[in-house]
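The values are calculated or read from the model by the stated rules, or taken from the named source; none is laboratory data. Since we're looking at a predicted model, the values are computed, not measured. Here Cβ is always computed from backbone atoms with ideal geometry, including for glycine, and neighbour counts include all displayed protein chains. Calculation scope for accessible area: heavy atoms of the full protein, side chains included, ligands and nucleic acids excluded. Shrake-Rupley method; radii C 1.70, N 1.55, O 1.52, S 1.80 Å.
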Amino acid sequence: MIVVNDMNIEGIEGKSSEIARFSGKGVLITPQTLEKPVIKWDLLEIILYEDKIIFEFSDNKFEVGIENIEDIGYKLPKKVIESAKQSLEDIKYHSSIVVKSDKLGDIIIGFAPETSIYGKTPIINFLRRLFYLLLNNKEVKIIYDIEENKYKEWEEGYLKFTEERIKEEFIVKIKYKLVVKVLKDNRAIIYDIFSNIKDIEIEEKEVNGYLKPVLVIKQVIQQTKKRKYVISYLYVEDKKVRLFLLRYLVLVLEYKDVGILKYINNG
C-alpha cells in the first residue's frame with residue numbers, strides 16, 4: 001500500500017507535514033547484521049516528513065533527518081536478497097535507503113512490497129516524493145544547447161519540479177517534471193533538460209576558473225519534420241545532490257541503459 005499526499009509540502013503552523021508513506025516489508029542492514037546466519041525481513045512502515053524520515057519495524061523504530069540520507073537505490077548484498085525469498089512472495093521489486101547514524105555509521109534499509117501484484121508502483125510513487133525533497137530548489141549551473149565554435153557562459157539556476165497537466169480522454173492528470181530554472185532579465189527560463197535523453201557522460205569542464213566534473217547531456221528534440229540533437233552542460237557542486245540526481249534519472253525516469261547511467265550501482 002502507498003499513501004501519497006499532494007506535492008505541495010509546505011508546513012502548517014511550523015509543524016512538519018507528512019509527505020508520503022510506504023507499507024511493506026524491510027530489513028535493516030549493518031555490518032553486524034551481515035554477520036548473522038539468518039537475516040530477517042520484517043513488516044516495515046516508512047513515513048516521510050518535510051524534515052525527517054521514520055522507519056517503523058515491528059520491534060524497532062528510529063528516525064533520521066532528511067539531511068542524513070546518504071544514498072537511495074544502493075544495491076543490496078546478495079545475502080540479503082537470498083534471505084528475502086524466505087519471507088516475501090517475490091523480491092523482484094525492491095529498493096533501499098542509506099542513512100547516517102551517529103552510533104552505527106551508515107545503515108542500509110532495504111524495502112519491498114509484500115506482494116508482487118503491486119509491481120514497482122508503490123516504490124516509485126514513494127521515491128518520487130523523497131527525491132522531491134532531496135532535489136527541489138538545489139543550486140546548479142547550466143550551459144544549455146552548446147553551439148559549435150560559439151562560447152556560452154554558465155547560467156546560475158536550480159533544479160525545480162514543475163506541474164505538467166496531461167489530458168487522457170476525459171481525465172486530466174498532473175505530473176511533476178524535473179527541470180532547470182534560471183532567472184534572466186527578471187524573467188524565468190525553464191530548460192527541460194531531463195526529457196528524451198539519448199546520452200549522458202561526465203567530463204571535466206572549466207567552472208569558475210577550475211576544472212570540475214560536469215554532466216554532458218545529449219537530448220533529441222523533434223522539430224516539425226526533423227530531429228535536432230541538443231547537448232548541454234550541467235554542473236552540480238554538491239556531491240550528494242549530484243548522486244541523488246543520477247539516482248533519480250535511473251530509478252524514477254528509468255534511463256538505466258543510457259551512457260554512464262548503465263554503471264550506476266542500483267538494485
Residue 138, sole failed condition from (1) in contact with a Gly (Cβ under 7 Å, 6 or more places away or on another chain); (2) open to solvent by 30 Å² or more (accessible area, probe 1.4 Å): (1)
Surrounded by 12 or more Cβ atoms within 10 Å (Cβ to Cβ), within 29 Å of residue 240 (Cβ to Cβ) and either modelled with pLDDT of 95 or more or not β-branched (Val, Ile, Thr) (or both): does that describe residue 163? no
I'd like the residue in region 43-70 that is without any contact (Cβ under 8 Å) to a residue 40 or more places away in the chain and among the acidic types (Asp, Glu) and, out of all such residues, is least open to solvent (accessible area, probe 1.4 Å). 45
Could you say whether any residue in region 71-79 is modelled with pLDDT of 95 or more, in a helix (DSSP H, G or I) and buried (at least 18 other Cβ atoms within 10 Å of the Cβ)? no
Would you mind stating whether residue 130 is more than 30 Å from residue 209 (Cβ to Cβ) and either modelled with pLDDT of 90 or more or not small (Gly, Ala, Ser) (or both)? yes
Would it be correct to say that residue 153 is under 23 Å from residue 18 (Cα atoms), modelled with pLDDT of 85 or more and part of a loop (DSSP other than H, G, I, E, B)? no
Neighbours by Cβ (under 8 Å, 6+ apart or cross-chain): first from region 182-207, at positive phi; second assigned to a strand (DSSP E or B) and not charged (D, E, K, R): 196/219; 196/220; 196/221
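Is there a residue being part of a loop (DSSP other than H, G, I, E, B) and under 14 Å from residue 34 (Cβ atoms) anywhere in region 94-101?
Step one: of region 94-101, the residues part of a loop (DSSP other than H, G, I, E, B) are 94.
Those left that are additionally under 14 Å from residue 34 (Cβ atoms): none.
Within region 94-101, not a single residue is part of a loop (DSSP other than H, G, I, E, B) and under 14 Å from residue 34 (Cβ atoms).
Inside region 167-267, counting only strands (runs of 3 or more DSSP E) that do not spill past its ends, which hold 1 or more residues that are among the aromatic types (Phe, Trp, Tyr)? First the steps, then the outcome.
Numbers: elements: 171-184, 187-191, 197-207, 210-223, 226-235.
Fully inside region 167-267 and qualifying: 171-184, 187-191, 210-223, 226-235.
Go over the candidates 251, 245 one by one and state the one that is within 16 Å of residue 73 (Cβ to Cβ), open to solvent by less than 50 Å² (accessible area, probe 1.4 Å), in contact with a Ser or Thr (Cβ under 8 Å, 6 or more places away or on another chain) and in contact (Cβ under 8 Å) with a residue 60 or more places away in the chain. Reasoning before the result, please.
Values: 245 fails: in contact with a Ser or Thr (Cβ under 8 Å, 6 or more places away or on another chain).
When all the criteria are applied, what remains is 251.
Assess whether residue 91 counts as being in a loop (DSSP other than H, G, I, E, B) and of a type in the set (Val, Ile, Thr). Can you show your working first?
Values: in a loop (DSSP other than H, G, I, E, B): yes; of a type in the set (Val, Ile, Thr): yes.
It is true that residue 91 is in a loop (DSSP other than H, G, I, E, B) and of a type in the set (Val, Ile, Thr).
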Could you count how many residues in region 183-202 are over 17 Å from residue 264 (Cβ atoms) and out of contact with any Lys or Arg (no Cβ under 9 Å at 6 or more places or on another chain)? 7
